[in-house]
Structure formats: C-alpha cells, structure tokens
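Student: Below you'll find the structure I mean.
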Amino acid sequence: MTNANISVQSRSKNLKQETLRCIQAAQDWSVHRYKDHGPYGLEDRSRRPYRHHNKLPFQIERAILRIWVVELILFSKQELSGSATATRESSSSKWI
C-alpha cells in the first residue's frame, strides 16, 4: 500500500466515526427531549435568546434616543438655514 491509499483509508475511517458520533448525539438528544416534553418536545423551537444580558434598561435607551432625535432636529434646522458646517460635532457623538 502506498501512503496515499493509507491517507484516504484513514480519512474515510475518521469520517465514518464522526458520522456515527453525530447520529448517536442526535438520537440521545431526541430521546431526552421526548422524555422531558413528550411529542411536543420534538417540534422546532425558536433560537432567539430569552434575554439579552447587555441590553440597556428601557429608560436609558429612551433617554439616549431623545437626545439623538433632538440633536438631529437641531442639526437639520441649522442645515436648512445655512448656518451649519460640514465639520460640526454633535454633543451626542461625545458619548460614542
């Protein structure tokens, strides 16, 4: 046998073992889900997380949005009146 044949046989054996491991994992998963939740446990579930640990509190998020909206309105008014410059830095950008 040549080294090429041994390499192909080795890869084929590894692929078979990995496939069997995946099949066994799927069977274990389905058996546990069925035991825990009955037939409804095998239905698809949403992958959306239940909570976001880094999410800002609602009140803070609203306050930031209010500041940005006010800045946008003020900038738009200045731009329409012609008194705004292209390099204007808003106070809200200091927070970013």
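Student: Just to be sure before I move on: is residue 65 modelled with pLDDT of 90 or more and surrounded by 10 or more Cβ atoms within 10 Å (Cβ to Cβ) in the structure I sent? If you could, list the steps in order and put the result at the bottom.
Tutor: Details: modelled with pLDDT of 90 or more: yes; surrounded by 10 or more Cβ atoms within 10 Å (Cβ to Cβ): yes.
Considered against the rule, which asks whether it is modelled with pLDDT of 90 or more and surrounded by 10 or more Cβ atoms within 10 Å (Cβ to Cβ), residue 65 comes out as yes.
Student: Here is a further query. Look at residue 36 and say whether it is outside any helix (DSSP H, G or I), modelled with pLDDT of 85 or more and among the acidic types (Asp, Glu).
Tutor: Taking the combined requirement at face value, the residue does not satisfy it.
The values are calculated or read from the model by the stated rules, or taken from the named source; none is laboratory data. Computed from a predicted model, the values in this text were never measured in an experiment. In this analysis, Cβ positions are derived from the backbone assuming ideal geometry, glycine residues included, and neighbour counts consider all displayed protein chains.
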